[in-house]
Amino acid sequence: MVEGKRAAAMAENRSQLIRAARKAFATQGYADASMDELTASVGLTRGALYHNFEDKKGLLWAVIEQIDGEMAERLRAIREQAPTLWQGLLAEGSAYIEMALDPEIQRIMLLDGPAVLGDPSKWPGENACLDITMRTIRSLIDEKVVKPVDVEAAGRLLNGAALSAALWVAAADDPKAVLNKAVDAFRQLASGLLLDAKCSVETSASPA
């Protein structure tokens with residue numbers, strides 16, 4: 001009973017710290033977020049932070065993992081709502097790029113995250129994204145929609161293009177002005193995989 005209460009308290013402390021850090025990192029930025037102020041805001045000490053995350057960077061990893069999971073769920077819903085597998089692939093990549101306009105994602109995932117934690121393409125969550133893209137491409141090849149390309153190469157290049165586009169939008173002086181160009185270029189590049197060039201017409205649509 002005591003162990004159960006202790007585990008629940010630790011889980012709650014961890015949740016509170018992630019919630020507070022997420023708000024601080026989004027509004028103040030990683031570098032300017034004070035760990036003393038952050039822990040005090042939820043009635044905890046630096047000791048609780050170190051116990052759960054080791055350091056500030058560990059806390060950032062936890063925040064990124066949480067946001068990444070939410071992004072993945074949003075993208076899954078978009079992919080599954082598309083009328084065809086091909087359109088789902090395009091919609092998912094386009095939506096990922098558009099997420100760069102979200103202030104929280106822009107600041108934490110695309111600006112501060114890469115600066116502190118390194119290349120986003122090597123983050124743990126990217127492996128799951130790559131697996132999904134590869135499975136989709138393999139199915140599209142089987143359906144004679146996409147050319148018989150190397151599945152891993154195509155998956156990495158498509159995901160890399162979407163990531164690069166999102167990073168470009170996030171870092172732009174005017175992200176909204178860059179968005180349409182980035183999404184349109186991504187769709188045009190992806191259309192090069194199509195077995196029937198006539199199908200590429202649907203890739204020319206840009207977000208509103």
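Which of the GluC sites (Glu not before Pro) across segment 109-192 are loop residues per DSSP, with 12 or fewer other Cβ within 10 Å?
On the way: sites: E126, E143, E152; in loops: E143.
Passing both the DSSP loop test and the Cβ count: E143.
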D119 to R156: extension gain in nm, 0.36 nm per residue of separation minus the Cα-Cα distance?
11.9 nm
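Classify segment 55-104 from the C-alpha gyration tensor, please: rounded if a/c falls under 1.5, else prolate or oblate depending on whether a/b exceeds b/c. Working shown, then result.
Details: a/c = 3.89, a/b = 2.49, b/c = 1.56.
Prolate, because a/c is 1.5 or more and a/b exceeds b/c.
Ignoring ligands, DNA and RNA, what percent of the accessible area of segment 28-99 is carbon or sulfur (1.4 Å)?
50 percent
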In the chain, which whole DSSP H runs stretch at least 15 Å along their own axis (Cα) and average 0.5 or higher on the Kyte-Doolittle scale?
151-171
Rg followed by Dmax, in Å, when the chain is reduced to its Cα trace:
19.8, 66
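Mind checking the per residue accessible area of segment 1-158 for me, 1.4 Å probe, whole number of Å²?
Values: 8550 Å² over 158 residues.
Value returned for segment 1-158: 54 Å² of accessible area per residue.
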How about K57: which lysines have a C-alpha closer than 18 Å to its C-alpha, ignoring those fewer than 8 places off in the same chain?
K23, K122
Residue among I132, I105, I97 with the largest mean-square fluctuation in a Gaussian network model of the chain, springs linking Cα atoms under 10 Å
I132
List the aspartates and glutamates whose Cα sits under 12 Å from the Cα of K181, skipping any in the same chain fewer than 8 residues away.
E98
Given the rule -39500 (n - 2.57) for each run of at least 4 DSSP H residues, summed and divided by the residues of the chain, what is its mean residue ellipticity at 222 nm, to the nearest 500 deg cm²/dmol?
-23000 deg cm²/dmol
Please build a GNM for the chain, connecting alpha carbons under 10 Å apart, and tell me which residue among V63, V42, V146 fluctuates the most.
V42
Among S94, S41, S139, the residue with the largest mean-square fluctuation in a Gaussian network model of the chain built from Cα contacts under 10 Å is S41
Scaled to the compact-protein estimate 2.2 N^0.38 Å, what is the alpha-carbon radius of gyration of segment 1-92, rounded to two decimal places?
1.43
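Lys and Arg at +1, Asp and Glu at -1: add these up for the other residues within a Cβ distance under 14 Å of I132 and post the number.
Working: positive: R74, R76, R79, R135, R138, R156; negative: D68, E73, E80, E92, E126, D131, E152.
The answer is -1.
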Classify segment 86-126 from the C-alpha gyration tensor, please: rounded if a/c falls under 1.5, else prolate or oblate depending on whether a/b exceeds b/c.
oblate
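The values are calculated or read from the model by the stated rules, or taken from the named source; none is laboratory data. Everything numeric in this text was worked out from a predicted model, so none of it was measured. A quick note on method: Cβ atoms are made from the backbone with ideal geometry, for glycine too, and the neighbour counts reach across all protein chains shown. Just the protein is used for accessible areas: all its heavy atoms, side chains included, with ligands, DNA and RNA removed. Shrake-Rupley method; radii C 1.70, N 1.55, O 1.52, S 1.80 Å.
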